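Below: one structure, written as structure tokens.
The values are calculated or read from the model by the stated rules, or taken from the named source; none is laboratory data. Just so you know, these numbers come straight off a predicted model, no measurement behind them. Heads up, the Cβs are rebuilt from the backbone with ideal geometry, glycines too, and the neighbour counts pull from every protein chain shown. Areas reflect the complete protein model, heavy atoms only, side chains present, ligands, DNA and RNA absent. Shrake-Rupley method; radii C 1.70, N 1.55, O 1.52, S 1.80 Å.
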Amino acid sequence: MGIKADDLAKTVSQVLKEYEGATIETMKKAVDRTSKQAVRDLKASSPKRTGAYSRDWASKKRKTTNEWAYAKTVYNKKHYRLTHLLEKGHRKVNGGMVAARPHIAKVEQEAVNELYREIKEGV
């Protein structure tokens, strides 16, 4: 016993909706896990003079334009102005340069690779 021709479209549509729901849920979980791991890695790898800069890493859900989009932003809450200066280095007021202390680019690349891997495995 099979599916009647009239019911085929309904059945295919139902299966695709279930797949869509599972895929969106997989993607959201992967984004959440990856952003949490990126925050932990940034807290561990950030320069620590007083410790305030490294403690202030966080992530938040970004507003999106449609129901399928889901994004999180990893950012430094209070010391966001320092991120570029520490990552790239900068000139001193009285001449000379402050050496760069790269810590964001490595974590970002690891997060991108991990997110891609998790979504690929989940789907």
Say whether the condition of being of a type in the set (F, W, Y) and either at pLDDT below 90 or exposed (fewer than 11 other Cβ atoms within 10 Å of the Cβ) (or both) is met by at least one residue in segment 54-67.
-> no
How do the pairs read when you match residues in segment 3-26 that are under 19 Å from E67 (Cα atoms) with residues anywhere that are surrounded by 11 or more Cβ atoms within 10 Å (Cβ to Cβ) and of a type in the set (S, T, Y), using Cβ under 8 Å and keeping only pairs 6 or more apart or on different chains?
-> I24/Y70
Part of a helix (DSSP H, G or I), modelled with pLDDT under 90, under 30 Å from K17 (Cβ atoms) and open to solvent by 100 Å² or more (accessible area, probe 1.4 Å), is that true of E121?
-> yes
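Could you tell me whether segment 72-80 includes any residue that is open to solvent by 80 Å² or more (accessible area, probe 1.4 Å), in contact (Cβ under 8 Å) with a residue 24 or more places away in the chain and farther than 20 Å from K106 by Cβ? If you could, list the steps in order and put the result at the bottom.
Filtering segment 72-80 for residues open to solvent by 80 Å² or more (accessible area, probe 1.4 Å) gives 77-78, 80.
Keeping just the survivors that are in contact (Cβ under 8 Å) with a residue 24 or more places away in the chain gives 78.
Keeping just the survivors that are farther than 20 Å from K106 by Cβ gives 78.
Yes, some residue in segment 72-80 is open to solvent by 80 Å² or more (accessible area, probe 1.4 Å), in contact (Cβ under 8 Å) with a residue 24 or more places away in the chain and farther than 20 Å from K106 by Cβ.
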Output the qualifying pairs, or none if there are none: Cβ atoms under 8 angstrom, residues six or more apart or on different chains, first residue in segment 106-117 and closer than 17 Å to I24 by Cα and open to solvent by less than 100 Å² (accessible area, probe 1.4 Å), second residue modelled with pLDDT under 95 and of a type in the set (A, V, I, L, M).
-> L115/A30; L115/V31
Output the number of residues of segment 30-54 satisfying the condition of being touching a helix residue (DSSP H, G or I) at 6+ places or on another chain (Cβ under 7 Å) and free of Cβ contacts under 8 Å to residues at least 24 places away in the same chain.
-> 3
In segment 20-30, is there at least one residue being surrounded by 13 or more Cβ atoms within 10 Å (Cβ to Cβ) and touching a His at 6+ places or on another chain (Cβ under 6 Å)?
-> no
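Hey, among Y80, Y75, Y116, which residue is of a type in the set (F, W, Y) and over 16 Å from A58 (Cβ atoms)? Explain how you work it out, then say what you get.
Numbers: Y80 fails: over 16 Å from A58 (Cβ atoms); Y75 fails: over 16 Å from A58 (Cβ atoms).
Sole residue among the options that is of a type in the set (F, W, Y) and over 16 Å from A58 (Cβ atoms): Y116.
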